[in-house]
Amino acid sequence: MKQKVLLIASVVIGLLAAVLTRSYLNAKDREILRMKEEFNRKNKRIEVIAVKKALASGTVLSMEDIGSISVIEASVRGHVVKVEDHLALIGKKTIRPLQESSPVFWSDIEGGEPGSRGLAGDIKQRMRAVSVNSSGSASVSGMVKPNDHVDVLGTFSFPSKDAKGEMELVTLTMMQDVLVLATGKETAKTQLLGDNRAVSAYNSVTLEVTPREAEMLAFSEQIKGRISLSLRNPDDVYFEKTLPRVNFEIIQSEIESLNTFRQQQLLHKRAE
């Protein structure tokens, strides 16, 4: 009987020891898993942009200059350029020398991170950005986009030169070959980065102009003139030196000669 009790006690003690051991091992497994997760969190790796070769300050970046490397996220604190943003670097200048295979930070790039300076960083020196009300047919059925080049036409009610005290409607070309910086809130940057927050429909167009041209546009808006945009081929830099103020009399007198000129041009093109 005594031996039977001892045997039962030994089995119970053995089972208890097994349960305790299993519990201890499970706790250790959980602790190891937690430590592993903590290690992975602190040593998370990300893909970032790096230069393929040493670059001097002032280098204009191209696709051939950049590549990608995997780094520990914590080791590249700051605004490092991620691989998904690589297109935003193309055509930008470096503002300090970069060593081969070193990560690229937005602080290394002229203008900094896209959006950090907004549209202001895209305006050339000695130029200004001015928005004009222009949508629908006034902006070529809404097909004018950032980085396009346009001519700016204005239609105004002016005092008549021939009939004193009367007003006449006049259309004239105010500016030629003007760069479009934005349509509504959409800029070249938001297009490049695929920013879905930018709305495709727009009621205004932002143009890059000189300070004197900015004054003319502001005045045109104040006298409730209608601004229309004429879209250009980006490679066409031809400048019309003499363009008339178009009114009803000009249309009457020149429409025949304009049509004749167009037909001559078409015949010439077809003969080529």
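Listing for the model above:
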{"read-out": "Gain on full stretching of the segment that runs from residue 133 to residue 52 - 0.36 nm per residue minus C-alpha separation", "value": "24.6 nm"}
{"read-out": "Debye, to nearest 20: dipole size of the range 119-241, +1 on Lys, Arg Cβ, -1 on Asp, Glu Cβ", "value": "300 debye"}
{"read-out": "Residue 123-residue 261 FRET efficiency (beta carbon distance; Förster radius 45 Å; 0.05 resolution)", "value": "0.75"}
{"read-out": "Aspartates and glutamates whose Cα lies under 16 Å from that of residue 44, excluding same-chain neighbours fewer than 8 positions away", "value": "73"}
{"read-out": "Cut-off 20 Å (backbone N to label point 7 Å along Cα→Cβ of residue 246), residues of the range 154-184", "value": "154-161, 168-178"}
{"read-out": "Local electrostatic count, residue 245, Cβ distance below 14 Å [Lys/Arg +1, Asp/Glu -1]", "value": "-4"}
{"read-out": "Residue 25-residue 73 pseudo-label distance in nm [points 7 Å out on the Cα-to-Cβ vector]", "value": "3.5 nm"}
{"read-out": "Once the Cα gyration tensor of the range 45-108 is diagonalised, semi-axes √(5λ) in Å", "value": "18, 12, 11"}
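Here, each number is a calculation from the coordinates, and none is a lab measurement. Note that the structure is predicted; figures quoted are calculated from it, not measured. Virtual Cβ from ideal backbone geometry, glycine too; neighbours counted across all protein chains shown.
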